[in-house]
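Here's the structure, in structure tokens; my notes come after.
The values are calculated or read from the model by the stated rules, or taken from the named source; none is laboratory data. As the structure is a computational prediction, the values presented were derived from the model and not from experiment. Using ideal geometry, Cβ is built from the backbone for each residue, glycine included, and neighbour counts are taken over all protein chains shown.
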Amino acid sequence: MNRRTAAQRFRSLDHSGYAKKASRLRALNYEVKRPKGKPPHIEFQVFQPKSEKQVPAGTVARGNATCPACERVLSVDRVRVHLRQQRGGADVIFDKEGNRIAGAFLLGIVTLKDDATGRQYRMTTGRDYEAAWKAQKAVAKLANLKLPNGLNLIPDEPLPPQGTLGFRVQLYGMSQWSDLFTARQKLALLTLGEALVRADTLPEAKELAALGLSRLTDICNASCRWESSKTQVRNLFTRQAIPIVWDFAEPGVFAGQAGDFATTLATMAEVIDAIPRELGVGQVQIADACSSSLPDDSVALWFTDPPYYDAIPYSDLSDFFFVWLKRILPAHLLLRDPFYSRNPLTPKTAEIVQDETKRFDGGPKDRTFFEKMMARAFTEGRRVTSDASIGSVVFAHKTTEGWEALLSGVVKGGWVVTGSWPIATESGTRLRARESAALATSVHLVCRPRSEEAEIGDWGEIFKELPNRIGDWIERLSAEGIRGADLIFACIGPAMELYSRYSKVEDAEGREIPLGGDPEAVEPYKRGFLAYVWETVGRIALEQILGTAEARARNGAAGALEEDARLTALFLWTIQSTAVDLTSKRK
């Protein structure tokens, strides 16, 4: 589908290549027809290009849309105005007889045939639009119906406020969660949901099926792309955000291929079957990390994957799935906010993230809030663990600010960071990885409870030991295939052990050396410990890239590189990815 403005200008043809497989190249072309005495219109054709160069260029750049007929550019502000009138423009607009007059434009159909190899591509017919028209009429009849618990049948809960991290769709007129779905998608999800509600089966089976339907929404919405390299629909959450897309693909929920409901359920069932039967039964509880129900010294292992500072709007994104789940399992105890009964969505008030569009106790959720609440959560973790216990903290933020905010909470919470291991948890083929220098690993910080009788550390001794500690760790990780930003942040543990094992660190004059500070300052008590960590990692990494000055002299190099060249070399090294299977390194 292609969203169109009310002025009938095409928003985009950015995904006009249907298939990129060399043996079955297919693409979409268009021709401007100019009948005498009538407005121009566009006709599309599926063709087989000899190369990608024959595929027409896109018609949208940074939200500005170019009309293929008149070649005028519609600014992004005007595009937004038109789409706001259509609540995002995901649906076709029909007249009373079912003829398309505006709205989304169906660019083409992808089919499978028993007597043909691979996918087949054809242009749209009236019957294709008829299906969308009938779905709209059916959804209109359901729009005012309510469930026994008072919920509207169609999710009408509001999207988060405009400006919330990860969300831009509100700018285009989408104000409710149901606006992210076409009428046909809403009807399919509602029909499947009703069947699950009425199903006479075990509660566990119903929960599994509900999770399957919830997962199906990830690939059955109006923000899914067509991936021409794999010739299939790509799910929405290839990154932790809900963006506007100019073309979207709509899969068949019973198509017998990746993305349909049966395949989704089968994949989940395979995971369940793979779980060892001898594992004990776990317990799931909604609780505040800053106020645990566990008694003191009762835990041997405390493992947490905390919020990634300002990177991901966790609770807001989870509402995408939550609004459908609570309609399928309306009485489920976990599908509610136990802290604020009037909240129709997931808990948000005390969520520890840096997002200044949100407030807590009258103040913004800024860096100060994040550090304060993280320290409180880590203090609570320290309370429930015994002195001989171990803690593990997972983090994958790629900025020094994010790491400083996290580590501040760890240290203030009473923990000593004793190690850090990068573990390959991220798919290298995900969109997030292909479009940026994203981390390929999650760094697992290994922590131990700090003794209440911990001594005061001497800054001079720590500063002297820091290069050797980091250098040894860089050498070890490099030998195991760790690269770039993954290596830099994996050096956190050994460096932090030097600092966090003390109650505090002071210089010779008795001034405390803070964890973070002003990286431009000269005095250590103003600059902060982590500034020296990043500096030391960078210097040793650069030596690894270029060799030491002595090594360069032996090889006949004429002096050191200029500063700009040094920075460029370090930058290029930093954006490398860890492109190995780390699990294969250990036998």
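Please go through region 193-226 and give me each residue that is assigned to a helix (DSSP H, G or I) and within 26 Å of Asp247 (Cα to Cα), ordered by number. The answer is Gly212, Leu213, Ser214, Arg215, Leu216.
Every listed requirement among (1) part of a strand (DSSP E or B); (2) under 19 Å from Ala222 (Cβ atoms); (3) β-branched (Val, Ile, Thr) is met by Ile42 save one, (2).
Based on what the data block shows, is Pro347 closer than 19 Å to Asp366 by Cα, touching a residue at least 24 places away in the same chain (Cβ under 8 Å) and not assigned by TED's automatic domain parsing to the domain that holds Gly163? Yes; evaluated as a whole, the condition is true for this residue. Could you tell me which residue of region 173-229 is nearest to the chain's Cα centre (by Cα), considering only residues that are over 17 Å from Leu147 (Cα atoms) and hydroxyl-bearing (Ser, Thr, Tyr)? Among those that are over 17 Å from Leu147 (Cα atoms) and hydroxyl-bearing (Ser, Thr, Tyr), it is Ser223.
Scanning region 107-134 for residues that are hydrophobic (A, V, I, L, M, F, W, C) and either more than 31 Å from the chain's Cα centre (by Cα) or not assigned by TED's automatic domain parsing to the domain that holds Lys186 (or both) yields Leu112, Ala116, Met123, Ala131, Trp133. Comparison of Tyr308, Tyr340 shows that the only residue that is touching a residue at least 60 places away in the same chain (Cβ under 8 Å) and either assigned to a loop (DSSP other than H, G, I, E, B) or more than 20 Å from Asp218 (Cβ to Cβ) (or both) is Tyr308. Listed conditions (1) charged (D, E, K, R); (2) free of Cβ contacts under 8 Å to residues at least 60 places away in the same chain; (3) part of a loop (DSSP other than H, G, I, E, B) are all met by Lys398, apart from (2). Filtered by the rule that a residue be under 23 Å from the mean Cα position of the chain (by Cα) and over 25 Å from Leu335 (Cα atoms), region 264-288 gives no residues.
For the structure I just gave you, tell me whether Ala249 is within 16 Å of Gly89 (Cα to Cα), touching an Asp or Glu at 6+ places or on another chain (Cβ under 6 Å) and not polar (S, T, N, Q). Even if it seems obvious, please write down each step before you answer.
On the way: within 16 Å of Gly89 (Cα to Cα): yes; touching an Asp or Glu at 6+ places or on another chain (Cβ under 6 Å): no; not polar (S, T, N, Q): yes.
Against the criterion (within 16 Å of Gly89 (Cα to Cα), touching an Asp or Glu at 6+ places or on another chain (Cβ under 6 Å) and not polar (S, T, N, Q)), Ala249 does not qualify.
For Asp486, the conditions (1) modelled with pLDDT of 75 or more; (2) in contact with a Lys or Arg (Cβ under 7 Å, 6 or more places away or on another chain); (3) buried (at least 19 other Cβ atoms within 10 Å of the Cβ) all hold with the exception of (2).
The condition of being free of Cβ contacts under 8 Å to residues at least 40 places away in the same chain, part of a strand (DSSP E or B) and not polar (S, T, N, Q) holds for only one of Glu97, Glu31, that being Glu31.
In region 326-337, the residues that are assigned to a loop (DSSP other than H, G, I, E, B) form Cβ pairs under 8 Å with partners that are of a type in the set (Phe, Trp, Tyr) and surrounded by 19 or more Cβ atoms within 10 Å (Cβ to Cβ), at six or more places apart or across chains, as follows: Leu335/Phe322. The one condition from (1) over 26 Å from Pro330 (Cβ atoms); (2) part of a loop (DSSP other than H, G, I, E, B); (3) without any contact (Cβ under 8 Å) to a residue 12 or more places away in the chain that Thr164 does not meet is (3). The residue of region 439-483 that is farthest from Gly538 (Cα to Cα), among those that are aromatic (Phe, Trp, Tyr) and at pLDDT 95 or above, is Trp459.
Please pick out the residue among Ala388, Ala377, Ala433 that is modelled with pLDDT of 85 or more, on the phi < 0 side of the Ramachandran plot and surrounded by fewer than 19 Cβ atoms within 10 Å (Cβ to Cβ). So that I can check it myself, show each step before the final result.
Details: Ala377 fails: surrounded by fewer than 19 Cβ atoms within 10 Å (Cβ to Cβ); Ala433 fails: modelled with pLDDT of 85 or more.
Criteria check complete, one pass: Ala388.
Do we have any residue at all in region 447-458 that's charged (D, E, K, R) and crowded, with 17+ Cβ neighbours inside 10 Å? Checked against the condition, which is being charged (D, E, K, R) and crowded, with 17+ Cβ neighbours inside 10 Å, region 447-458 yields at least one hit.
Taking the criterion of being within 24 Å of Ala210 (Cβ to Cβ) and among the aliphatic types (A, V, I, L, M), would at least one residue in region 344-360 satisfy it? Within region 344-360, one or more residues are within 24 Å of Ala210 (Cβ to Cβ) and among the aliphatic types (A, V, I, L, M). May I ask you to verify whether Leu265 is surrounded by 12 or more Cβ atoms within 10 Å (Cβ to Cβ) and either outside any loop (DSSP other than H, G, I, E, B) or free of Cβ contacts under 8 Å to residues at least 60 places away in the same chain (or both)? Considered against the rule, which asks whether it is surrounded by 12 or more Cβ atoms within 10 Å (Cβ to Cβ) and either outside any loop (DSSP other than H, G, I, E, B) or free of Cβ contacts under 8 Å to residues at least 60 places away in the same chain (or both), Leu265 comes out as yes.
I need the full set of residues from region 273-300 which are surrounded by 10 or more Cβ atoms within 10 Å (Cβ to Cβ), in contact (Cβ under 8 Å) with a residue 40 or more places away in the chain and not acidic (Asp, Glu), in order please. Ile286, Ala289, Cys290, Ser291, Ser292, Leu294, Ser298, Val299, Ala300 - these are the residues of region 273-300 that are surrounded by 10 or more Cβ atoms within 10 Å (Cβ to Cβ), in contact (Cβ under 8 Å) with a residue 40 or more places away in the chain and not acidic (Asp, Glu).
Please determine whether any residue of region 269-285 is modelled with pLDDT of 90 or more and polar (S, T, N, Q). Taking every residue of region 269-285 in turn, none turns out to be modelled with pLDDT of 90 or more and polar (S, T, N, Q).
Within region 350-367, can one find any residue that is assigned by TED's automatic domain parsing to the domain that holds Arg448, under 30 Å from Ala495 (Cβ atoms) and part of a helix (DSSP H, G or I)? The answer is yes; a qualifying residue exists.
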